[in-house]
Amino acid sequence: MRKAKWLAAAAGVVFLVAGCGSNGGSDKGGSSATTGGSASAGSGGGSEAGGEDLTAEAVKTQIETAATGAGFVQDATGDPVPAGLEKCMVSWTADAEKASDPKKSYTDTVGALGKDGWKTGQNFSQGGSTIQTLTQGTWQLKASDHSMGALKMVMFIATDATPECEALFKADLEKNKKS
């Protein structure tokens with residue numbers, strides 16, 4: 001139960017950080033090529049190979065292929081995507097405790113995603129945690145590694161920045177504020 005609460009808190013941090021990069025360059029310290037990458041790629045006409053046409057299922061497959069190829073297995077207790085957001089969001093949590101070297105597996109996963117067309121962007125590291133932003137088409141992926149210390153957690157959360165998905169995210173946020 002304690003791990004689930006920590007996981008939920010860490011996921012909240014990832015979502016908070018994910019929101020910072022979606023306003024066309026409001027992040028500090030990131031490269032200009034990535035701070036607004038997901039929004040600009042969606043309006044630019046698909047310069048990245050198939051990125052604009054990516055579905056949530058394709059994104060999930062790319063993450064799963066890269067992560068399992070790097071030595072991760074999916075954690076069956078990972079947080080599911082909220083109902084109604086399945087076409088706009090992907091959440092893949094690794095069982096980092098089963099990986100022989102979670103830090104190396106995380107780095108290898110990010111590298112494999114880069115080879116699969118994901119552009120690496122802003123990297124945030126603090127207190128043993130790392131969050132790497134990657135973009136492809138209208139999708140933005142936050143790869144987070146919190147495998148320092150006793151609790152080992154690695155998550156990959158991708159969101160689609162199309163206007164339709166942005167509206168769904170906003171509606172879900174408003175619904176949860178009222179709960």
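Data for the structure
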item: Criterion: within 13 Å of the chain's Cα centre (by Cα), within 15 Å of ALA70 (Cα to Cα) and acidic (Asp, Glu) - qualifying residue of ASP145, ASP116; result: ASP145
item: The listed residue being among the β-branched types (Val, Ile, Thr), touching a strand residue (DSSP E or B) at 6+ places or on another chain (Cβ under 6 Å), closer than 26 Å to THR65 by Cβ and at pLDDT 95 or above, out of THR109, THR133; result: THR133
item: Per-region count, region 153-165, residues open to solvent by less than 80 Å² (accessible area, probe 1.4 Å) and in a helix (DSSP H, G or I); result: 1
item: Residue in region 128-139 that is open to solvent by less than 10 Å² (accessible area, probe 1.4 Å) and among the small types (Gly, Ala, Ser) present; result: yes
item: Hey, SER105 polar (S, T, N, Q) and either open to solvent by 20 Å² or more (accessible area, probe 1.4 Å) or within 12 Å of the chain's Cα centre (by Cα) (or both) or not; result: no
item: Pick from region 71-102, criterion of a type in the set (A, V, I, L, M) and open to solvent by 20 Å² or more (accessible area, probe 1.4 Å), ranking: farthest from GLU166 (Cα to Cα); result: VAL73
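The values are calculated or read from the model by the stated rules, or taken from the named source; none is laboratory data. What you see is a predicted model; the values in this text were computed from it and never measured. Neighbour counts run over all protein chains shown; Cβ positions are idealised from the backbone, glycine included. Surface accessibility is based on the protein's heavy atoms, side chains included, excluding ligands, DNA and RNA. Shrake-Rupley method; radii C 1.70, N 1.55, O 1.52, S 1.80 Å.
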